[in-house]
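Asks: Attaching a single structure in structure tokens format; questions to follow.
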Amino acid sequence: MRRIQKFAAVLGALAAATALAGSARAQEKPEIWHYYAAGSEKAGIDALIDYANKQNPDNPVGQRVIPGNVVELRRQLQTALLGGQPPAAYQSSMASELKTFVDGGRLHDLSAVWAEIKGDEIFPEGIQRVVKIGGKPYGIPFDLSLINNVFYNKAIFEKMEITPPANWDELVAACKTLREGGVEPLGNAGGPFWSLYNFYAPLVSTVGVDGYYKIASGEMGFDTPEFRKALQLYRDTMVSCYAKNWSGKTWTQTADDVVNNNTGMFMMGIWASAYFKQAGFAPGEKFDVFPAPGTDGKVIFQMDAFAVPEGPEATVKAAEGFIRAATSPKGLESFAVPKGSLAPSTAVPASIYDYAGKKFAEQYAAASKANAVLPNLFFLLPTKVGTELGNQIERFAIDPSESTENEVISTLEALRQEALAEEAYTKW
């Protein structure tokens, strides 16, 4: 799930599209646009579209793969909007990205479909918060991943008699045992996302669910004692446990270190489970997972949704028919199983998943009942704030000194103040 956003450019293009585009024209065959081009992602989307078309034989949809990532898809979407021939539906991220297109007046209100699929019943509040803009649903979730679990090498843990840590003190003790045994304790990878995702556990441990949303809305400053305490907890636990030279590795290289018995633990999104399986590292046998300290009973997720541009009645009708089928329990199952992700609907039974998937589904179900399903903070923040938060947390993970800590806080708080002045925050 790669995310790079350029909201300002999108807004400008959408304004131009609104001014220049004539009436939208129906596509010869309505298309679903996405950027799942290979591997398990492509297998999942192919299965989903095939299932949906079997449910709608008189109104099938095609698909168009936009190679690359969300940025390239959005660029081509802007071009299609200018030409008055947008897709029937497209793969969208949640929260701020979705809101950008809604603010541009380009998305179709999906309230009717939402009501038919009983969206308020099958999607937890944390999910509803990031697909509803102004109280109306503009995105329908279909692909969900949890990012608050720690994977561990079972053979190493058994050999060193380590019990999966249940709190921060136990995590640090496990890291000490691993390091003394000649194994790197905790993997990480370079780039602005992975350290940020790791940081969420210390952050939630410190500020709680309410504080997490207050940071997202700009109500809680980065210069508060709570945020400083979260940085220090991150430094004294996870950062102190990181493997040597972690910042020069990709996440797949670090996953390989776990497979090859060089690293004991790795905190990563649930897509790592599919990667391990492809490497012959079987869930429940070779690896297992536990929730990061501070997140037991909670889940932190990132998600994709289908959004529908305003367009001809026939195209919108095809999109709505596709979405109805795609978000049914069988439709979501057809995608989640080959993709290796979770169905965002709580109506999908945990029995469809493998060993690791069942664990993730059970975590998700329990957190849903406790109203503790938290969206990835990156997507809740104004673009420049979220991007810089990722950069600064990685910087701190590389150099967790007091001077870096002060500079991180100063930089982020200055951006928060700018975003507040620009009214760029949203209260999700």
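Asks: Scan Gln78, Gln91 and give me the residue that is surrounded by fewer than 23 Cβ atoms within 10 Å (Cβ to Cβ) and out of contact with any His (no Cβ under 8 Å at 6 or more places or on another chain).
Replies: Working: Gln91 fails: out of contact with any His (no Cβ under 8 Å at 6 or more places or on another chain).
Every option except Gln78 fails the conditions.
Asks: Which one of these is in contact with a strand residue (DSSP E or B) (Cβ under 6 Å, 6 or more places away or on another chain), charged (D, E, K, R), surrounded by fewer than 20 Cβ atoms within 10 Å (Cβ to Cβ) and farther than 20 Å from Thr315 by Cα: Lys118, Lys159, Lys154, Lys136?
Replies: Working: Lys118 fails: in contact with a strand residue (DSSP E or B) (Cβ under 6 Å, 6 or more places away or on another chain); Lys159 fails: in contact with a strand residue (DSSP E or B) (Cβ under 6 Å, 6 or more places away or on another chain); Lys136 fails: in contact with a strand residue (DSSP E or B) (Cβ under 6 Å, 6 or more places away or on another chain).
From the options Lys118, Lys159, Lys154, Lys136, the qualifying one is Lys154.
Asks: Taking the residues in the range 317-358 that are within 16 Å of Gly62 (Cβ to Cβ) and among the hydrophobic types (A, V, I, L, M, F, W, C) as candidates, determine which candidate is surrounded by the fewest Cβ atoms within 10 Å (Cβ to Cβ).
Replies: Ala325
Asks: Name the residue, out of Gly390, Gly311, that is outside any helix (DSSP H, G or I) and touching a Pro at 6+ places or on another chain (Cβ under 6 Å).
Replies: On the way: Gly390 fails: outside any helix (DSSP H, G or I).
Only one candidate qualifies: Gly311.
Asks: Here's another thing I want to ask about it. Would a scan of the range 74-97 turn up a residue that is part of a strand (DSSP E or B), on the phi < 0 side of the Ramachandran plot and of a type in the set (Lys, Arg)? Talk me through it step by step, then tell me what you get.
Replies: Of all residues in the range 74-97, those part of a strand (DSSP E or B) come to 89-93.
Then drop every residue that is not on the phi < 0 side of the Ramachandran plot, which leaves 89-93.
Add one more test, that the residue is of a type in the set (Lys, Arg), and what stays is none.
No: the range 74-97 contains no residue that is part of a strand (DSSP E or B), on the phi < 0 side of the Ramachandran plot and of a type in the set (Lys, Arg).
Asks: Moving to a separate point now. Just to check your reading of the model, which residue among Leu144, Leu107 is more than 21 Å from the chain's Cα centre (by Cα) and either aliphatic (A, V, I, L, M) or surrounded by fewer than 23 Cβ atoms within 10 Å (Cβ to Cβ) (or both)? Lay out the reasoning, then the answer.
Replies: On the way: Leu144 fails: more than 21 Å from the chain's Cα centre (by Cα).
Unique residue meeting the criteria: Leu107.
Asks: Name the residues in the range 115-134 that are in a loop (DSSP other than H, G, I, E, B), out of contact with any Ser or Thr (no Cβ under 6 Å at 6 or more places or on another chain) and within 23 Å of Gln363 (Cβ to Cβ), would you? Give the derivation first.
Replies: Applying the first criterion (in a loop (DSSP other than H, G, I, E, B)) to the range 115-134 yields 117-118, 123-124, 134.
Imposing the further condition that a residue be out of contact with any Ser or Thr (no Cβ under 6 Å at 6 or more places or on another chain) reduces the set to 118, 123, 134.
Residues satisfying the conditions are Lys118, Phe123.
Asks: Filter the range 47-75 down to the residues that are basic (Lys, Arg) and within 16 Å of Lys29 (Cα to Cα), then identify the one that is surrounded by the most Cβ atoms within 10 Å (Cβ to Cβ).
Replies: Arg64
Asks: Filter the range 330-343 down to the residues that are within 16 Å of Gly357 (Cα to Cα) and either in contact with a Cys (Cβ under 8 Å, 6 or more places away or on another chain) or assigned to a helix (DSSP H, G or I) (or both) and list them by number. Steps first, please.
Replies: Of the range 330-343, the ones within 16 Å of Gly357 (Cα to Cα) are 332-343.
If the condition is that a residue be within 16 Å of Gly357 (Cα to Cα) and either in contact with a Cys (Cβ under 8 Å, 6 or more places away or on another chain) or assigned to a helix (DSSP H, G or I) (or both), then Leu332, Glu333, Ser334, Phe335, Ala336, Val337, Pro338, Lys339 are the ones that fit.
Asks: Taking only pairs six or more apart or across chains, which ones have beta-carbon atoms under 7 Å, a first residue in the range 149-171 that is under 18 Å from Ala282 (Cα atoms), and a second residue that is among the small types (Gly, Ala, Ser) and assigned to a helix (DSSP H, G or I)?
Replies: Phe151/Ala272
Asks: List the pairs whose first member sits in the range 402-428 and is among the small types (Gly, Ala, Ser) and modelled with pLDDT of 95 or more, whose second member is crowded, with 16+ Cβ neighbours inside 10 Å and in a loop (DSSP other than H, G, I, E, B), and whose Cβ atoms are under 6 Å apart, counting only residues at least 6 apart or on separate chains?
Replies: Filtered contacts from the range 402-428: Ala419/Pro382; Ala419/Tyr425; Ala424/Pro382.
The values are calculated or read from the model by the stated rules, or taken from the named source; none is laboratory data. Keep in mind that what you see is a predicted model, and the values were worked out from it rather than measured. All Cβ positions, glycine included, derive from the backbone under ideal geometry; neighbour counts span all protein chains shown.
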